[in-house]
Amino acid sequence: MQNNTFSGDSLRLSLIVLDEVTSTNDYFKTQLSNFKPLPEFTAIMAKKQTNGRGQRDSTWLSEENANITFSLLLYPTFLKLPDHFILNMCISLGLIHWFRSLQIDAKIKWPNDIMINNKKVCGILIENTSNSKGIKHAIVGIGVNANQENFPAEIKHKASSILRETSYRLPSLETACEAIIRHIHQLYSRLQKTEISTDQLLEEYNKNLFLRGQTGLYRAGDETFEAEIKEVSPDGKLHLLRNYQISTFYFKEVEFLLQ
């Protein structure tokens, strides 16, 4: 294990790098329950995750020493519990800004995947702990497929990496991790100081929506249907145009089917 501390832009971050862990989110939960409070923007990065988790209870498959897998601790007490999607937008757009810094065109697949060339290269898992006043703390798990070259046959049609899609190999995964956190911090800090409004955040999120304005295939329950993404609302609902009518869905009520 190593602990790198860097500061600048009002951010002082402790990046703990572990050789192997089951899940960085789960490791964080253990740390929070057993020790004194950790400072905000403490991050835990794993060179190898043996049981990384994604949304819908899925497993995040990651090749050892090839990808960026880390969790970030936040105390977004300035957000009320119903505003949890605001944090989702902040994290997603922070990642988009980082991809842009690498001259990579990436899009947000609602609610929290990042796509390059119609392939998933990044997943986000936010686990909030709340009380009656709002969000107490959030553990933000992020997995970026960076330098991985090979993927299992059953997922290679929908999952890829920065290297496979752009031919760019990240020279240092730790440096890249630190850069991602800086981009998230810049947006998070502006939001906290009300230098950027929720409406502005939502507008940028919608502008960066994967396949917005295009027809895609979706599944809700036992029904599979074609629809067009119109927008996402402030509460995180996806608005789809189907049969000339707008249908709205919360997360887990509908699944986008990658072709």
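The values are calculated or read from the model by the stated rules, or taken from the named source; none is laboratory data. Just so we're clear, the structure is a prediction, and the values are computed from it rather than from any experiment. FYI the Cβ positions are ideal-geometry reconstructions off the backbone, even for glycines, and counts take in every protein chain you see. When the accessible area is computed, the model is the full protein with side chains, heavy atoms only, and any ligands, DNA or RNA have been set aside. Shrake-Rupley method; radii C 1.70, N 1.55, O 1.52, S 1.80 Å.
Things to note:
- Cβ pairs under 9 Å, 6+ apart, first in region 22-46 and surrounded by 18 or more Cβ atoms within 10 Å (Cβ to Cβ), second among the acidic types (Asp, Glu) and in a loop (DSSP other than H, G, I, E, B): ALA46/ASP19; ALA46/GLU20
- Only residues that are within 18 Å of the chain's Cα centre (by Cα) and outside any helix (DSSP H, G or I) were counted in region 157-174, giving 4.
- Annotation note: of TRP98, TRP60, the sole residue that is among the aromatic types (Phe, Trp, Tyr) and either open to solvent by 70 Å² or more (accessible area, probe 1.4 Å) or modelled with pLDDT under 95 (or both) is TRP60.
- Failed item, numbered, when THR166 is tested on (1) farther than 20 Å from ILE16 by Cα; (2) crowded, with 21+ Cβ neighbours inside 10 Å: (2)
- In region 171-190, the count of residues that are under 17 Å from ILE116 (Cα atoms) and of a type in the set (Asp, Glu) is zero.
- Cβ-Cβ distances below 8 Å connect the following pairs, each with a first residue in region 175-189 that is over 13 Å from LEU102 (Cα atoms) and assigned to a helix (DSSP H, G or I), a second residue that is open to solvent by 10 Å² or more (accessible area, probe 1.4 Å) and of a type in the set (Phe, Trp, Tyr), and a separation of six or more residues or different chains: GLU178/PHE6.
- Residue under evaluation GLU178, criteria (1) exposed (fewer than 14 other Cβ atoms within 10 Å of the Cβ); (2) of a type in the set (Asp, Glu); (3) under 25 Å from ARG12 (Cα atoms), criterion not met: (1)
- ILE139, sole failed condition from (1) open to solvent by 30 Å² or more (accessible area, probe 1.4 Å); (2) touching a residue at least 60 places away in the same chain (Cβ under 8 Å); (3) under 14 Å from LEU72 (Cα atoms): (1)
- Yes/no for GLU127 being in a loop (DSSP other than H, G, I, E, B), of a type in the set (Asp, Glu) and surrounded by fewer than 20 Cβ atoms within 10 Å (Cβ to Cβ): no
- Unique residue being touching a strand residue (DSSP E or B) at 6+ places or on another chain (Cβ under 7 Å) and of a type in the set (Gly, Ala, Ser) when the list is ALA159, ALA179: ALA159
- Condition check for GLU154: over 30 Å from ALA43 (Cα atoms), outside any strand (DSSP E or B) and out of contact with any Cys (no Cβ under 6 Å at 6 or more places or on another chain): yes
- Matching residues in region 214-234 - criterion: being within 26 Å of LEU87 (Cβ to Cβ) and open to solvent by less than 60 Å² (accessible area, probe 1.4 Å): GLY216, TYR218, ALA220, ILE229, VAL232, SER233
- Per-region count, region 190-225, residues closer than 12 Å to ILE108 by Cβ and either part of a loop (DSSP other than H, G, I, E, B) or more than 19 Å from the chain's Cα centre (by Cα) (or both): 3
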